[in-house]
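This report refers to the structure that appears directly beneath it.
Readers should treat all values here as calculations from the given coordinates under stated rules, not as data from a laboratory. Bear in mind that the values here come from a model prediction, so they are computed numbers and not experimental data. Because the Cβ atoms are built from the backbone with ideal geometry, glycine has one as well, and the counts that use them run over all protein chains shown.
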Ligand code: SF4
């Protein structure tokens, strides 16, 4: 049985194809670039891990010692060639200083760190939901001595979330399930996020009922994943950060053709298919627009022809090859939707058992059936109470010769 983690489940939710490439096909990539934000996060995590891990054995690092450690892991891991700074207005030093400040603020805020007793740092937690193993790493697990366990998560992202987001967060809630199974005295658990760049702490709690619902959601998501055979690519802004565009069916053609010289590019089979398709579609749309305009013009001419025929006292207007016939007749017009009495008409039609016959009250069909006397006399008489005869003038174009025939 494969193991699942919050990040694995999130990968599927964001893009099933990315999930497949990463966790099923296990595509191996050469060591790639890392964003400086992730680099900063790892170094700050390492510093706070050292602080709390050593506190378990009563060693309290001074702030200076901790910052020295942070500097050393930063310098040791820094690689100009593989760490990317995307935001143009910021330098390596801006990020490094942000990390220093985050650690300093954290240190000053919680010193002497006696709010709770650290039980573990970078703690692997595993538990089962039915037959499936769920696992994850808790940045820090602590206990406040009053029966309350705390799951701490360090964040170095540059934006804050709303309380609603924390109250719906899945990752720490999943860890809570694991902690409650591992520690039988864990009746109450607090989920705590430290937004280190802002010196802010956010807390949330989950009830047993919420955890029960979460287990159901996770189970249903895992079953969806295990049933999936297609793993559709879902394109989004996240594609810009995806490691697999060369393998992704939604992106690999673009990558394949983008380096081609223009003459080869335009001749490439896929490119030419798309270009042809797009140009035909554009023509169809253009023709549709023209058709709409032409129908509007036809309606104006019909009105003018009716006026002309009335004025001249004629029914046929002769052109070079065609004749326009103005045909006037009276038609039955039943009550339209929204008109007074319409509900009674619908009620009668349903009661008379002819609702299906009139295709759910298609008025033209109803008029035709009445005119063709397709119902019994009593029904027709009743139906006629809901209709009136109105004049209807139509314009019909015929060929001159046909007309003469
Ligand atoms: S490039 Fe986008 S669509 Fe393709 S696998 Fe990656 S995230 Fe999914």
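Look at where the Cα atoms of the stretch 351-367 and of the stretch 296-349 average out, and the two centres are 23 Å apart. Ranked for footprinting exposure by Cβ neighbours inside 10 Å, fewest first, 342, 22, 140 give 342, 22, 140. Ranked by the mean number of other Cβ atoms within 10 Å of their residues, highest first, the peptides 56-63, 144-151 come out as 144-151, 56-63. The order of 369, 51, going from fewest to most other C-beta atoms within 10 Å of their C-beta, is 369, 51. Note on the chain: Cα-only Rg and Dmax are 37.1, 112 Å. Spatial offset of the stretch 133-168 relative to the stretch 217-251 amounts to 27 Å, using the alpha carbon center of each.
In terms of other Cβ atoms within 10 Å, 5, 337 run from fewest to most in the order 337, 5. Note on the stretch 1-136: Cα-Cα pairs beyond 28 Å make up 38% of the total pair count. Relative to the longest principal axis of the Cα atoms of the chain, the long axis of helix 269-312 makes an angle of roughly 30 degrees. A Cα-only calculation for the stretch 315-404 places Rg and Dmax at 17.5, 54 Å. Using just its DSSP H runs of length 4 or more, each adding -39500 (n - 2.57), the chain gives a mean residue ellipticity at 222 nm of -15000 deg cm²/dmol after division by all residues.
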